[in-house]
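Student: Next up is a structure, given as structure tokens.
Bear in mind these aren't lab numbers, they're just calculated from the coordinates by the rules spelled out. Bear in mind the structure is a predicted one, so any value in this text is a computation, not a measurement. Neighbour counts run over all protein chains shown; Cβ positions are idealised from the backbone, glycine included.
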Amino acid sequence: MPKMKTKSGAKKRFKMSATGKVMAGQAGKRHGMIKRSNKFLRNARGTTTLSAPDAKIVKSYMPYNR
């Protein structure tokens, strides 16, 4: 049986936490920061955990990282 492949885009964008949740960068911080409120920008720092349906999709892209 050959090795299963990991999606290159997924391994660059997501990482798994120790408990098996999928961590991703916050959305909405690429451009257009002037029109966003300071509260939004503060809350969008760092990373966040993906919802269960989204995490299920990402985990299928990363077969060895479970």
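Student: Only helical DSSP H runs with n ≥ 4 go in: add -39500 (n - 2.57) per run for the chain, normalise by residue count and round the 222 nm mean residue ellipticity to 500 deg cm²/dmol. Each step should come with its number before you reach the end.
Tutor: Working: 3 runs with 22 residues, N = 66.
Value at 222 nm, helices only, nearest 500: -8500 deg cm²/dmol.
Student: Still on this structure: I need the P(r) histogram for the chain: all alpha carbon pairs, bin width 5 Å from 0 out to the longest distance, whole percents.
Tutor: 3, 16, 23, 18, 14, 12, 7, 4, 1, 1, 0
Student: Separate question: Between the helical axis of 52-61 and the dominant principal axis of the chain, each derived from Cα atoms, what acute angle in degrees is found, rounded to the nearest 10?
Tutor: Roughly 50 degrees between the two axes.
Student: Given the peptides 26-32, 8-14, arrange them by the average over their residues of other C-beta atoms within 10 Å, most packed first. Write down the numbers at each step before the final one.
Tutor: On the way: 26-32: 9.6, 8-14: 13.0.
Taking the mean over residues of other Cβ atoms within 10 Å, the ranking is 8-14, 26-32.
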